[in-house]
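Encoded as structure tokens, the structure appears first; notes follow it.
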Amino acid sequence: MMKKTGFIKSKLYHIAILSAAAAIIIMGGIYRQSIAEKSAQAGEPVIEELKGEIEIIKNALTKNELEAIESLIDDATRRIRPAIVAVKSIESASSSRSQSVFDDYSRNPERAPVSPEFESCASGLLIDREGYILTSASAIKSERQFNILFSNSSQRLADLVAIDEGEHLALLKLRETDSITTPPEFARLRPARTGEWLINLGRLPSGEPSLSLAMLSAIKRDTAGRETFHLNQEVSLDQDGSAVASLEGRIIGINICLPETRCLTIPIARALDVAQKLRAGASPAAQSWTGLELQEMDENLKKYFAVEQGAVIINLKQDSPAMKAGLKSLDIITSVDGVAASSARSIIEQINNKPAGSIVKFTIKRNGIDQSVEVVTASFVEGSAAGLTAKDSTDAQSLGIEIAQGSSLAGAEIKSVRPRSEAHRTGLQAGDVIVEINGARIRDYSDFLDKQTSIKAGQSQIWQIERQEKRFLIAISRRKPS
Amino acid sequence: MSNVLLVGLILLLALIGGHLVKFIRVPEVVGYFFIGLALGPSISDILTHDAVTALEFFSEIALGLILFSIGSFFDFDNIRKVGNQTLRLTVFVMVGTILAVFVVLLPLSGSWQMALLLGVIATEVSPIATVLVLRESNSEGPLTETIYNIVALNNVGCLVVFGVATFFVRLIERSGAASSFASLLTREVFYLVWGIVGSVALGVLLGYILAVWGRKVEEHGEMLTLVLGMILVAVGASNWLGLSSLIAMMTMGATLINLTKASRRLFDVLGRTDPPVYAIFFVLAGAHLKLSSLLVIGASGIGYTVARIAGKMAGSYFGARSLGYSDVIKKYLGVSLVAHAGVAIGLALQVRSILPDYNEAITAIILGSVMINEVAGPIATKYAIARAGEARVEHVGEFEEI
């Protein structure tokens, strides 16, 4: 005992203990580091504790959550799938391909060959039992009839009701509506949360159903203040018109691919509003359209603009009647045809109640000064086909233009150009006047029709166009009828 | 709420909670714990899960502090006097606990690995709760001495046995899947040895530094700064090196006390300053737990809790009897070792990763049992030392203390 105490008091003893301890820590630390590096290379988590946590998470996921998620997706898909249809244009199946912008997408050579029997233009979403189907406007070229393929592989015919160019949505209606499946639930009121898992249901160009999992990565507003959803993965062009649903099986949005190949997701609430508007606007053949986008004014806005009532113009469609009449955004519409405008809704209704081509008198307030503006309304999609025979209308419309019927003898004036149509691709605009076709003078609409009957579909024609007192040539061809 | 404000609230409410429970003669720490429960996510959610996580380092410091001061019981004089006996008694208590829990859990869980590992976890005795009750009661006497010694040894023993037990269970569980058994074996052996020997070495090294440095420091504030700094460095370094901070801290305290008797001053300085840290520790411990864990405790959890207490009582009774301890210790030692806490939860987390199939069962058992014992443990300890007649402060007048 005494000896031990003596040893403890000696310096040597302390130095021995200290160096042993230091050596153990240094060598052990180095060895541990090397093991950790080795396991890191082997793809294993470096730290023991972390390894445990990962196993816990993995285990928990495989055991419960994963199964739960799988069954949620399963349920949701089963409920929604019947409402997801493939929209196929009747013409495109046999037409010469490569004509429209959209055709170029679906004819990507790297993609698997599509069956010639069924080649859809886009996916569509059945929104109610009356047979209305929302789809992307890209699906619509110049045709007005479509084949709709359901998930049980039955096919039905549908007609184009109307297109909303601003939202890039098209509304179709099934001809026969007996025994239509119940449409899925819509998440109209439920706010979408970023980070939420979503499923993306659509139909590939071959008509095959497609399903993918995505996450809502952002909710953004565009310049018009409209919400759009952004998914964590690029929405591919194949998914044009497909539906996005929450894991509870409620549709939250529709994917739309714009012509510039940018795709986005429109919230379902807005898409349904558009459908409602299109349905209401299109029912009598020729309702007025001015191209105005209005916003209701709250108290702050009213105070700011120093008005009692009305609605503020937030946007005008390019070349729309309203723009031509000189209306500008931030103008306040205070009355329509002498009737005080109480709200944006009442203004739209008032315009809609007039036939196309009629004159609407707006009283507006611009920079605090009251002005009066007259707008000659147009009908955008439906409309001035009135009076034309079916064949005639096909001729003009297969080119994607509407032609004014007045005979000024100065040429055939183009009243509107349908986006993504043949005419649109050549750069034609509303207001252009066709003065010559293949060297022959065109004085009016009937000349135009006569000339078209003498030129075969698919054959190139050279038009001379007059635009703002300048003349230029374009080459264009009519689609071959199916 | 900002974390600074939260810490302030925690301290003041803990003080109030500690005083309130004194009226019913319950140790202060139980009051802290109840405050934690009330502030925590399961009741008011003032102490949110994020806040608890952010303040987690207080718990590490508290554990470091208490083990450092427990280490001071390992001085050679004391070891020479009672070391041999204490070691044997500890083995009795531990074996009794492991056996009791194993026997009860084996039929209930159907997994010998789980029953064994939980049995080892059951040997853990919350050092903070136990020591704080002893301190609060200013108790002195043979039972108190024995409790201090046992708690110190018992926790070293628990960690070592747990290391060995998980080592074997892991080998058995993983041997089938491992591509090269030899490399797995060397790695597992290294981790086992490193966790024990490395931690001791670190504690010795830092203990030396503290002892040498401590001689140069005279003033109270400086001493406190030195000790706190060393404790934080020790906890941080052992985390960084993948060592057990508990063993390292205890070794550091033991090294210090054996190098210089004057180091008592350092422990005293700490003992007068550390109560706020423990208050935070217990409030956080309460906030960690959920009342709902009592509802899902199940038969295994109740079996575990009861078997653990029974095992400790039986182990210490038979141990004390065969080793010739006094009646007081025979009767009351087991009861005073009931407190069960954070370390057990940490160990349980490791077990879950080794036996993933049982992780729900293990969580339910440990959380439920800790919940019960965090309240019952301090009360039992206080009861034991009061009955043993070692508590010096009998609460004659409640306001005396205030």
D (µm²/s, integer) via Stokes-Einstein for the range B:104-174, Kirkwood Rh across alpha-carbon pairs, 4 °C, 1.567 mPa s: value 93 µm²/s
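Rounded to the nearest whole Å², what accessible area per residue is found for chain B with the 1.4 Å probe?
I get 40 Å² per residue for this part.
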Here the range A:14-30 yields Karplus 3J(HN,Hα) values (6.51, -1.76, 1.60; θ = phi - 60°; whole Hz; Gly and Pro given as x) of 4, 4, 4, 4, 4, 5, 4, 4, 4, 4, 4, 5, 5, 5, x, x, 5
Cα-based Rg then Dmax for the range A:304-368, in Å, read 11.4, 34
Taking a ≥ b ≥ c as the square roots of the eigenvalues of the Cα gyration tensor, with a/c under 1.5 meaning rounded and otherwise prolate when a/b exceeds b/c and oblate if not, the range B:8-125 is oblate
Diffing the range B:134-148: the Karplus 3J(HN,Hα) column from phi (6.51, -1.76, 1.60, θ = phi - 60°), in whole Hz with x for Gly and Pro, holds 4, 5, 4, 8, 6, 6, 8, x, x, 5, 4, 4, 5, 4, 4
Between A:Glu227 and B:Leu20, Cβ-based FRET efficiency (R0 41 Å, step 0.05) works out to 0.20
Under the Karplus relation with 6.51, -1.76 and 1.60 and θ = phi - 60°, whole-Hz ³J(HN,Hα) for the range B:125-130, x at Gly and Pro, equal 10, 4, x, 5, 4, 5
A chain fully extended from A:Asn152 to A:Asp298 at 0.36 nm per residue, minus the present Cα-Cα distance, gains in nm 47.7 nm
Rounded to two decimals, the Rg over Rh value of the range B:303-396 from Cα coordinates and the Kirkwood Rh reads 1.09
Most packed first (mean Cβ within 10 Å per residue), the peptides A:126-138, B:104-116 order as A:126-138, B:104-116
If the chain between B:Lys216 and B:Asp77 were fully extended at 0.36 nm per residue, the gain over the current Cα-Cα distance would be 47.6 nm
SASA check, A:Glu248, accessible area w/ 1.4 Å probe, all protein chains in place, rounded to nearest 10 Å², comes out at 80 Å²
In whole percent, the fraction of accessible protein surface over the range B:204-358 that belongs to carbon or sulfur atoms, probe radius 1.4 Å, stands at 66 percent
Counting only protein heavy atoms and leaving out ligands, DNA and RNA, the solvent-accessible surface of A:Arg366 at a 1.4 Å probe, in Å² to the nearest 10, equals 40 Å²
Expressed as a percent, the portion of alpha-carbon pairs in the range B:244-326 spaced more than 15 Å apart is 78 percent
The extension gain from A:Glu130 to A:Arg467, computed as 0.36 nm times the residue separation minus the Cα-Cα distance, is 116.9 nm
Simple spin-label estimate for B:His49/A:Val435, 7 Å along Cα→Cβ, in nm, reads 7.5 nm
Once accessible area is computed for B alone, A alone and the pair with a 1.4 Å probe, the total buried surface, to the nearest 100 Å², works out to 2300 Å²
For peptide B:359-366, the mean count of other chain Cβ atoms within 10 Å per residue Cβ is 1
Expressed in Å to one decimal, the Kirkwood Rh of the range B:235-387 from all distinct alpha-carbon pairs is 18.1 Å
Partner shielding of B:201-214, taken as the mean number of other chain Cβ atoms within 10 Å, equals 3
The long-range amide H neighbours of A:Ile442, using H built 1.01 Å from N in the peptide plane and a cut-off of under 5 Å, are A:Glu436, A:Ile437
Summing -39500 (n - 2.57) over every DSSP H run of at least 4 residues in chain B and dividing by its residue count gives a helix-only mean residue ellipticity at 222 nm, to the nearest 500 deg cm²/dmol, of -25500 deg cm²/dmol
Which of A:Lys88/A:Lys317; B:Lys330/B:Lys382; A:Lys302/A:Lys328; A:Lys324/A:Lys415; B:Lys81/B:Lys216 exceed 22 Å between C-alpha atoms? The answer is A:Lys88/A:Lys317; B:Lys81/B:Lys216
When every protein chain stays in place and a 1.4 Å probe is rolled, B:Phe58, A:Phe448 sorted by accessible area with the largest first are B:Phe58, A:Phe448
Using the Cα gyration tensor of the range B:184-323, the equivalent ellipsoid's semi-axes, largest first and to the nearest Å, work out to 34, 22, 19
As a Kirkwood estimate from alpha-carbon pairs, chain B has a hydrodynamic radius in angstrom of 21.6 Å
Order by accessible surface, 1.4 Å probe, largest leading, for residues B:Thr225, B:Thr97, B:Thr48 comes to B:Thr225, B:Thr48, B:Thr97
Rounded to one decimal in nm, the spacing of the 7 Å Cα→Cβ label points at A:Asp273 and A:Asn353 is 2.3 nm
Quick note, the range B:58-147: a/c under 1.5 would make it rounded; otherwise a/b > b/c is prolate and the rest oblate (a ≥ b ≥ c, C-alpha gyration tensor); here it is prolate
In nm, the gap between the two label points placed 7 Å beyond Cα toward Cβ at B:Arg387 and A:Asp370 is 9.7 nm
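The values are calculated or read from the model by the stated rules, or taken from the named source; none is laboratory data. It should be emphasised that the depicted structure is a prediction, and the values quoted were computed from it without experimental measurement. A quick note on method: Cβ atoms are made from the backbone with ideal geometry, for glycine too, and the neighbour counts reach across all protein chains shown. Keep in mind that these areas ignore ligands, DNA and RNA; they rest on the heavy atoms of the full protein, side chains included. Shrake-Rupley method; radii C 1.70, N 1.55, O 1.52, S 1.80 Å.
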